[in-house]
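K.L.:
Have a look at this one.
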Amino acid sequence: MKMLAVRVTREMRILVLGTADWDATIATNQHFVSAGLAQLGQVEFVESLGLRRPKLNKGDRQRMMARVQARLRLKTTEGVRRPVPHALSVNSAIVVPFHGRAAGSVNRWLVRRTARSWLRWSGARVLYAFTPTTYGLEVDSDVCVYHCVDLLASVPGISSKVIDQHESLLARNADLAIASSGPVARHLKSVPFHRVELLPNVADIDLFTTRAAPAQERARRVVFAGNLVTFKVDFELLDALADRLPAGAELVLAGPSTTDSIVDREAIRRLTARGVRWTGALTHLDLADLLGSAAVGLIPYRLNDYTLGVSPLKVYEYLAAGLSVVSTPLPEVQAVADDRHVVVSDRATFVDRVLTLLDVITDEDIHTRQDRASGHSWPARLDLIRARIDELLTQNG
């Protein structure tokens, strides 16, 4: 694959505003992109500013206390479990966990205080935001990129009014908006951001490919990998699959349940009572080993305003591991479906399609799927993002 020529300068400072913490259980776009940007210059990753309205449950209380403790100890990378590149630091901002007008002036001061070293930098300043709540930092940047992975306004617990207001403000000064899916791109154009580029999600292809076992060593195993939350996952569909799995076959759920929802916990308990194996959160390597031993990967998402804008990187993780993919009819999966390796099915036929694919995996299938995944890797995507920033810096002088 041809590499793009990108100027690397340590005179650049890049501020990344995330929507998750650096130690989030599942690595997402913001973790891969931040590590990749560290090849351009010094990167400061600012952890989530808390878009979701907090509740008085145990999980939210623990997260808020951990944030306060991190700030009081003035820690950056110390104690962080996820590897941190040499040119990257991790910072935690304490803000009022509401982003409406009432808290705006306070949060603006707090966010700018967190970013003070970036603001004081005399060289090139790049703002790379995964959240629209930038509180005007884009005005102080030489280049501003908004990377929108999801339709944030449709996520339960996040105020659509807050997202709409902040995206509208950000659009005035952003140089580039990156969309992870067609619906996200259409939304960004309607805001309107003046330059929108569609870059669907990609995956760590090399890792999943190298851990893939040959067909004869595969178990009769079906896997869903991802967050186990009821607003996104159709647990009733998984119930139906668990009830119809033949003897010797196994359904595995690999991922965390990240909320304190009683409904989520009950759905998981119901499945494990049926003999489904729940691994909890896995390391990236352990997940690659699990997928590399299985036959079918699932994307059993509900269809709602949020999931209709999702571009599941699981498609390419599954393919790189040699699995067939069975998904509910998400627009971004339908765009790459072929009815053999990537299958889209409605609820009525979903279980039948999974069972049909359970015992027909061959080495030829594995190699074909891995070839399809090979063009959707992080190295190529990061090279493109770095080139875009280099282009914008040149353009902006």
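The values are calculated or read from the model by the stated rules, or taken from the named source; none is laboratory data. Computed from a predicted model, the values in this text were never measured in an experiment. Counting neighbours? That spans all protein chains shown, and the Cβs are built from the backbone with ideal geometry, glycine included.
K.L.:
Looking at the stretch 136-185, which of its residues are over 25 Å from residue 32 (Cβ atoms), of a type outside the set (A, V, I, L, M, F, W, C) and touching a helix residue (DSSP H, G or I) at 6+ places or on another chain (Cβ under 9 Å)?
P.N.:
Selection gives 136, 140, 159, 160, 161, 164, 172, 173.
K.L.:
Could you please let me know if residue 364 is within 27 Å of residue 294 (Cα to Cα) and surrounded by fewer than 17 Cβ atoms within 10 Å (Cβ to Cβ)?
P.N.:
Criteria met by residue 364.
Conditions tested, residue by residue: (1) free of Cβ contacts under 8 Å to residues at least 60 places away in the same chain; (2) more than 23 Å from residue 286 (Cα to Cα).
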site: 319; (1), (2): yes, no
site: 323; (1), (2): no, no
site: 330; (1), (2): yes, yes
site: 337; (1), (2): yes, yes
site: 346; (1), (2): yes, yes
site: 355; (1), (2): no, yes
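K.L.:
Here is a further query. Quick test for you: out of 177, 153, pick the one residue that is crowded, with 18+ Cβ neighbours inside 10 Å, in contact with an Asp or Glu (Cβ under 8 Å, 6 or more places away or on another chain) and modelled with pLDDT of 95 or more.
P.N.:
177
K.L.:
So, in the stretch 127-150, of the ones that are in contact (Cβ under 8 Å) with a residue 40 or more places away in the chain and aromatic (Phe, Trp, Tyr), which residue ends up surrounded by the fewest Cβ atoms within 10 Å (Cβ to Cβ)?
P.N.:
Filtering the stretch 127-150 for residues that are in contact (Cβ under 8 Å) with a residue 40 or more places away in the chain and aromatic (Phe, Trp, Tyr), the one surrounded by the fewest Cβ atoms within 10 Å (Cβ to Cβ) comes out as 130.
K.L.:
Any idea which of (1) over 26 Å from the mean Cα position of the chain (by Cα); (2) modelled with pLDDT of 90 or more; (3) assigned to a loop (DSSP other than H, G, I, E, B) is the one residue 84 doesn't satisfy?
P.N.:
Only one criterion is unmet by residue 84, namely (1).
K.L.:
While we're here: Can you spot a residue in the stretch 102-121 that is farther than 17 Å from residue 48 by Cα, touching a helix residue (DSSP H, G or I) at 6+ places or on another chain (Cβ under 6 Å), part of a loop (DSSP other than H, G, I, E, B) and assigned by TED's automatic domain parsing to the domain that holds residue 90?
P.N.:
Within the stretch 102-121, not a single residue is farther than 17 Å from residue 48 by Cα, touching a helix residue (DSSP H, G or I) at 6+ places or on another chain (Cβ under 6 Å), part of a loop (DSSP other than H, G, I, E, B) and assigned by TED's automatic domain parsing to the domain that holds residue 90.
K.L.:
In the stretch 236-252, what residues are surrounded by 18 or more Cβ atoms within 10 Å (Cβ to Cβ) and farther than 19 Å from residue 315 by Cα?
P.N.:
Restricting attention to the stretch 236-252, the residues satisfying the condition of being surrounded by 18 or more Cβ atoms within 10 Å (Cβ to Cβ) are 237-238, 241-242, 245, 249, 251-252.
Selection gives 241, 242, 245, 249.
K.L.:
Going residue by residue through the stretch 208-219, is there one that turns out to be within 15 Å of the chain's Cα centre (by Cα), in the same structural domain as residue 312 (by TED's automatic domain parsing), part of a loop (DSSP other than H, G, I, E, B) and not acidic (Asp, Glu)?
P.N.:
Step one: of the stretch 208-219, the residues within 15 Å of the chain's Cα centre (by Cα) are none.
No: zero hits.
K.L.:
Take the stretch 312-357 and flag every residue that is surrounded by fewer than 24 Cβ atoms within 10 Å (Cβ to Cβ) and touching a Pro at 6+ places or on another chain (Cβ under 8 Å).
P.N.:
Correct list: 328, 330, 331, 332, 333, 344, 345, 346, 350, 355.
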